[in-house]
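What follows is a single structure, written as structure tokens, with notes after it.
Nothing in this text is a laboratory measurement; each read-out follows from the coordinates by a stated rule. Model, not experiment: these values are computed from the prediction. Note that we place each Cβ from the backbone using ideal geometry, even for glycine, and neighbour counts take in every protein chain shown.
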Amino acid sequence: MKKYENLAKAIYDIGKYTFTALVVGQFISEKFNWVFMGAGSIFSILAFWLAIKIERIKEEGNG
């Protein structure tokens, strides 16, 4: 089940990068854009949720 673990880590990392670039970046930028902030937040939450689901699949497979 190593492939599920690697996939979950990759998706989790994508979520972190998206959160940093689109959400945190809005507070650093001179132009604040609610669209990018909202889209970044939603995508990050979905990526974290998907990574957690994949980890649960991995755990159930070991069961």
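Annotations for the structure displayed:
- When PHE19, PHE32 are checked against the criterion of being touching a Ser or Thr at 6+ places or on another chain (Cβ under 7 Å) and not hydroxyl-bearing (Ser, Thr, Tyr), PHE19 stands alone in meeting it.
- Residue selected from the range 23-55 under the condition surrounded by 13 or more Cβ atoms within 10 Å (Cβ to Cβ) and among the hydroxyl-bearing types (Ser, Thr, Tyr), by the criterion farthest from TYR4 (Cα to Cα): SER41
- Condition check for ILE42: touching a residue at least 24 places away in the same chain (Cβ under 8 Å), of a type in the set (A, V, I, L, M) and assigned to a helix (DSSP H, G or I): no
- Among residues of the range 2-54, those that are touching a helix residue (DSSP H, G or I) at 6+ places or on another chain (Cβ under 7 Å) and among the charged types (D, E, K, R), counted: 1
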